[in-house]
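Trainee: Just dropping this structure here.
None of the figures in this text is laboratory data; all of them are computed from the coordinates on show. The structure presented is a predicted model; accordingly, all values stated were derived computationally and were not measured. Cβ: placed from backbone, ideal geometry, glycine included. Neighbour counts: every protein chain shown.
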Amino acid sequence: MGDGERSGRALGRAVARGLRGRCPNCGQGRLLAGYIRPEPQCAACGEDFRPYGTADFAPYLVTFAIGLTFIPLALVISLTTDFAGWIVWALMAGAALTAAFLLPRAKGAAIGLLWALDVRS
Ligand SMILES: [Zn+2]
């Protein structure tokens, strides 16, 4: 890995492409084969994704985002209403659906980030 290769890996662009589930290198090929399972390599440009294992980074990001939005929301609702049972269920369902929506995007963004920084595991 030389400096020339590194300089081609724009961080913001790689993360944005990962968020959209696209190859951080070319933006064309699919990054994820399943829900959050990465493709071994890009079908369009052949970029190898296998060195960029994100471990628990994506679930951590999602948990952080969900906590930052739903905990204050639950707190405000509990202080301003009688906090009926259905509100609790609605909040939990909303948090679960939001997490399910965010997880593959966070996974893609995490791979894009590691790819841009060339952090191999
Ligand atoms: Zn590609």
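Trainee: Can you tell me which residue in the range 25-39 is farthest from the ligand (Cβ to nearest atom), limited to those that are within 18 Å of Val119 (Cα to Cα) and out of contact with any Asp or Glu (no Cβ under 8 Å at 6 or more places or on another chain)?
Mentor: Checking each candidate, the answer is Pro38.
Trainee: Spot the failing condition for Val76; the list is (1) in contact (Cβ under 8 Å) with a residue 60 or more places away in the chain; (2) more than 16 Å from the ligand (Cβ to nearest atom); (3) assigned to a helix (DSSP H, G or I), and only one is missed.
Mentor: Here Val76 clears every test but (1).
Trainee: With the structure loaded, tell me whether Thr98 is among the hydroxyl-bearing types (Ser, Thr, Tyr), outside any helix (DSSP H, G or I) and in contact with a helix residue (DSSP H, G or I) (Cβ under 8 Å, 6 or more places away or on another chain) or whether it fails that test.
Mentor: no
Trainee: Failed condition for Thr69, given (1) within 16 Å of the ligand (Cβ to nearest atom); (2) touching a residue at least 24 places away in the same chain (Cβ under 8 Å), with all others met?
Mentor: Thr69 satisfies all of (1) within 16 Å of the ligand (Cβ to nearest atom); (2) touching a residue at least 24 places away in the same chain (Cβ under 8 Å) except (1).
Trainee: Among (1) assigned to a helix (DSSP H, G or I); (2) away from the ligand (no atom under 16 Å from the Cβ), where does Val15 come up short?
Mentor: (2)
Trainee: Moving on to the next point. Thr81 versus (1) over 23 Å from Gly18 (Cα atoms); (2) surrounded by 12 or more Cβ atoms within 10 Å (Cβ to Cβ); (3) not hydrophobic (A, V, I, L, M, F, W, C): which is the lone unmet condition?
Mentor: (2)
Trainee: Suppose the filter is surrounded by 13 or more Cβ atoms within 10 Å (Cβ to Cβ), touching a Phe, Trp or Tyr at 6+ places or on another chain (Cβ under 6 Å), among the β-branched types (Val, Ile, Thr) and touching a residue at least 60 places away in the same chain (Cβ under 8 Å); does Ile111 pass it?
Mentor: So Ile111 passes the test.
Trainee: Answer yes if at least one residue in the range 40-60 is acidic (Asp, Glu), within 14 Å of the ligand (Cβ to nearest atom) and under 20 Å from Asp118 (Cα atoms), and no otherwise.
Mentor: Checked the range 40-60: at least one residue is acidic (Asp, Glu), within 14 Å of the ligand (Cβ to nearest atom) and under 20 Å from Asp118 (Cα atoms).
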